[in-house]
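Okay, structure first, notes after.
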Amino acid sequence: MGPGNAWFGYAGLSLARLLAQAVGTVLTVVSARVLAPEGRGEFVALSATAVLAAQMLNLGLSSSLAVLFSRRPARIGFYRRYLVHIALAWASLLAALAAGLAWLAPGTGLPWWPLCAAWVPLQLLGLYQAAALVALQDARALSRIELAGRCSALALGGGSLLAFGSALFPFLVSVIAADAVVASLGARRLAQVSRVEPAGRRQAVAFFRFAYGLGLRAFPPLLLFFLLVKSDVLVLRLMRGAAETGIYSIASQIVDVALILPSTIGALVLASVVRSPRPAAELLRVMRPAAFAMGGFALAMLALGHWAILWVFGPPFTGAYPALVLLLPGFVALALQGLLGQYFASRGFPVFLSVYWLLGLIVNVALNLLLVPRFGLLAAAGSSSVAYGLVFSLMLRRFRAEYAMEKAR
């Protein structure tokens, strides 16, 4: 695929993902208006907890599968059924943990643990399936599955809000059911494109032992990344309450929408970076125009963000705009460091990545703990931008050094 055709592919997939995100945004708007800032904040905190739990149990496997499947796509047919077995094993373990907690401490708090026992394994299965589809460069399937999942969440979540109003428990159940739809569609697609008899148990054990070994090298930077990007929400929830967390989540949601383009490019470019004899040059070819696109997105959010928040989410959420302004430098840094991450992933997830993310996490948590009690969501947004900028500058410095060595060879 030439550069021009590649960029048409990126644009097409980005438009499809934007459509899926638009459907998801409808649910975000409706749920925010019905749940109000406090209910929205509680949901976001629970969602962040589930995402972090999924990343902890992932142990880097999804990242190693993307690399291993990219090198030999036929492996997907051999091992796809075992991905379901792994997710079911984690589901059983979490269900046992939930039952144990209910027995040891009956009647304490809301019943979130049983929901997490279902939600976290579904997210794990989605990570595994996405890794396989990325390795196949099956962009159409990825976009269709994401769109179907968003539509399911809108239908089920909207129905829950209509029937139960601001009750959070049924809304959570509907969101988890939508993730189950995504997992089933992913499994069906992989069955269609990888019609191969599954490997024997001994061969599968050997493969996943190797995959987990490689994944554990990716695990620290991945986990630290998610801790970095989710820690502000959790600290804000603990220190300032659910209502302020709900307002801040709107700024984060807008940034998430804008990150669709760089994340799409990063997913599609991984296979070409892995296979290229000059991976740094291959990534740089994509990264330069992406940097201009991210700058344009940031300016658009700066100009239109206040009015968009007011008209779409309503006056209770207008406090999200100052947080959005403070998040914009971090958005640009996060978008570009995501592309740099694909280059370092192609090199087997070197240890220094963990050091960079750990430094960013320490800075972010320290600033949050110091400033959030006094300045609230503005401190959370500013701290995130500082931390993202630090990690990006460290990664860029290392990439430049390796690019110079690649050119010299």
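The values are calculated or read from the model by the stated rules, or taken from the named source; none is laboratory data. Remember, predicted model here, so these are calculated numbers, not experimental data. Counting neighbours? That spans all protein chains shown, and the Cβs are built from the backbone with ideal geometry, glycine included.
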Residue count for the stretch 173-226, restricted to those that are closer than 30 Å to Val391 by Cα and either in contact with a Phe, Trp or Tyr (Cβ under 6 Å, 6 or more places away or on another chain) or not hydroxyl-bearing (Ser, Thr, Tyr) (or both): 16
Unique residue being part of a helix (DSSP H, G or I), surrounded by fewer than 21 Cβ atoms within 10 Å (Cβ to Cβ) and either in contact with a helix residue (DSSP H, G or I) (Cβ under 6 Å, 6 or more places away or on another chain) or free of Cβ contacts under 8 Å to residues at least 12 places away in the same chain (or both) when the list is Ile145, Ile176: Ile176
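Residue by residue, here is whether (1) at negative phi; (2) out of contact with any Ser or Thr (no Cβ under 8 Å at 6 or more places or on another chain); (3) part of a helix (DSSP H, G or I) holds:
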| site | (1), (2), (3) |
| --- | --- |
| Ala180 | yes, yes, yes |
| Gly186 | yes, yes, yes |
| Pro198 | yes, yes, no |
| Pro221 | yes, no, yes |
| Phe225 | yes, yes, yes |
Criterion: hydroxyl-bearing (Ser, Thr, Tyr) and more than 17 Å from the chain's Cα centre (by Cα) - qualifying residue of Ser160, Ser143: Ser160
Residue match in the stretch 395-408 (condition: modelled with pLDDT of 90 or more and either closer than 23 Å to Ala293 by Cβ or in a helix (DSSP H, G or I) (or both)): no
Residue in the stretch 359-391 that is surrounded by the most Cβ atoms within 10 Å (Cβ to Cβ), counting only those that are among the β-branched types (Val, Ile, Thr) and closer than 16 Å to Ala333 by Cα: Val391
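Residue-wise test of (1) surrounded by 22 or more Cβ atoms within 10 Å (Cβ to Cβ); (2) in contact with a Phe, Trp or Tyr (Cβ under 8 Å, 6 or more places away or on another chain).
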residue	(1), (2)
Leu61	yes, yes
Ser70	yes, no
Gly77	no, no
Ile86	no, yes
Ala99	no, no
Pro114	no, no
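Looking at Thr318, is it closer than 30 Å to Val30 by Cα and modelled with pLDDT under 70? Walk me through how you get there before you give the answer.
On the way: closer than 30 Å to Val30 by Cα: yes; modelled with pLDDT under 70: no.
Here the answer is no, as Thr318 does not meet what is asked.
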